[in-house]
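Just so you know, all these numbers are worked out from the coordinates, no wet-lab data involved. Small disclaimer: the values here were computed from a predicted structure and weren't measured. With ideal geometry, Cβ positions are generated from the backbone for all residues, glycine too; neighbour counts draw on all protein chains shown.
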Amino acid sequence: MEISLAGRRALVTGAGKGIGRELVKALRKVGAQVIALSRSSEDLQSLAKECPGVETICVDLGDWSATEAALKSIGPVDLLVNNAAIAIIEPFLEVTQESFDKSFAVNVRAAILVSQIVARQMIERGVGGSIVNVSSQASQAAIQNHAVYCSTKGGLDMLTKVMALELGPKKIRVNCVNPTVVMTAMGRANWSDPQKAESMLSRIPIGRFAEVEDVVNSILFLLSDKSGMTTGACLPVDGGYLVS
Ligand code: NAP
C-alpha cells in the first residue's frame, strides 16, 4: 500500500524532537507541505536546514494566547497531528498543582485550541481533513508514577472520540495513536533504567519497545485516505501491551 499526501498541507506540533521531527521528514517524503511547530527555536532551525521547504512556528503551546496569535495567519491546513506533550513522572502523593496544570495545558488544552483553529478553517473552506492526536498506552493502563500523564492521555482519547462525533459530519476525521515506550528523549528520560525497562518489556507480547518509525507509519495511515472510514479510533502501537 502506497501512501501519497501530495497537495496536502500538514501541521505537526512538537516537531522539534522525537516522533514529531521524524514525522515531518516522513510527511515530506510522501509529498505533503509541512508546517513544523515546536518550542525550542534551535530545533526548528536545524529541522528547516535538514528539510528545506518546511515552514516553522516557534511557540509554547502551554500559552493559550501566544498559540492563538502564532496560528492566526496559518493559512489552509488539511492534516493536523497534535503530537507535543510533556511527561512529568512523580508518585501520586506528590502530584502538585503546577505539574497538573502544566501537563494538561500542553497535553490536552493545546490539542483543543490547535484543533479548533484548524477545524474552523477546514469547515470554512468546505474541505474535509484528518486530525491525529498522539496519545499513549498510558491512556488505558495504569503505570506507576504516571498519575498526571495517564490522566492527560485518557483525556486525549476521549477528546478524540468527541471531536470525531462532532466533526465527522463536516468530513473531518479524528483518530489517535497509542504507542508503547519509544526511545526518544521522553522515552529515555523515563525508561533508561534496565530494571524498569524490563518490567515493561516483559508485558509486551511482541517483546520490544516501539520504534519511531512504527508510530510514524500508523500516523501516516490515519492521516491518509487509506483510512477513510476510520474515525474516533485509538490505534494501539504497543506490541500488544494493552491486550492484558
Ligand atoms: P520528545 O522527544 O520529548 O519530543 C517532544 C516534542 O514536543 C519536543 O520537540 C518538544 O519541544 C515539544 N513540546 C513539548 N512541550 C511543548 C510546548 N509546550 N510547546 C511546543 N512544543 C512542545 O517526545 P516524543 O517521545 O517524541 O513524544 C511525542 C508524543 O508521543 C507525545 O505526545 C508523547 O506523549 C507520545 N508518546 C511518547 C512515548 C515515548 O515513550 N516516547 C510513548 C507513548 C506516547 P522542547 O523539547 O523544545 O520542549
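Scanning region 206-223 finds no residues that are closer than 28 Å to T96 by Cα, touching a strand residue (DSSP E or B) at 6+ places or on another chain (Cβ under 8 Å), among the aliphatic types (A, V, I, L, M) and in contact (Cβ under 8 Å) with a residue 60 or more places away in the chain.
Just checking, which of C58, C51 is surrounded by fewer than 19 Cβ atoms within 10 Å (Cβ to Cβ), of a type in the set (A, V, I, L, M, F, W, C) and within 13 Å of the ligand (Cβ to nearest atom)? One residue alone meets the criteria, C58. Across region 189-202, a minimum of one residue is classified as of a type in the set (F, W, Y) and in a helix (DSSP H, G or I).
Answer yes or no as to whether A141 is away from the ligand (no atom under 14 Å from the Cβ) and either touching a residue at least 40 places away in the same chain (Cβ under 8 Å) or in contact with a helix residue (DSSP H, G or I) (Cβ under 9 Å, 6 or more places away or on another chain) (or both). When the stated conditions are applied, A141 does not pass them. L235 satisfies every condition listed in (1) closer than 21 Å to A26 by Cα; (2) in a helix (DSSP H, G or I) except (2).
Yes/no per residue for (1) near the ligand (Cβ under 8 Å from one of its atoms); (2) buried (at least 24 other Cβ atoms within 10 Å of the Cβ); (3) in contact (Cβ under 8 Å) with a residue 40 or more places away in the chain; (4) closer than 30 Å to I206 by Cα:
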site: T96; (1), (2), (3), (4): no, no, no, no
site: A105; (1), (2), (3), (4): yes, no, yes, no
site: V108; (1), (2), (3), (4): no, no, yes, yes
site: S130; (1), (2), (3), (4): no, yes, yes, yes
site: A147; (1), (2), (3), (4): no, no, yes, yes
site: V162; (1), (2), (3), (4): no, no, no, no
site: K171; (1), (2), (3), (4): no, no, yes, no
site: N175; (1), (2), (3), (4): no, yes, yes, yes
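Out of E94, E2, E55, which single residue is under 20 Å from the mean Cα position of the chain (by Cα) and not aliphatic (A, V, I, L, M)? Exactly one residue qualifies, and that residue is E55. Got a number for residues in region 63-92 being within 23 Å of P179 (Cα to Cα) and near the ligand (Cβ under 9 Å from one of its atoms)? Result for region 63-92: 6. Pairs linking a residue in region 182-200 that is closer than 20 Å to N217 by Cα and within 8 Å of the ligand (Cβ to nearest atom) to a residue that is hydroxyl-bearing (S, T, Y) and not in a helix (DSSP H, G or I), with Cβ atoms under 9 Å and 6 or more positions apart or on different chains, are M183/S192.
Here's a check for you: in region 9-41, which residue that is of a type outside the set (D, E, K, R) and in a loop (DSSP other than H, G, I, E, B) is farthest from the ligand (Cβ to nearest atom)? Result: G31.
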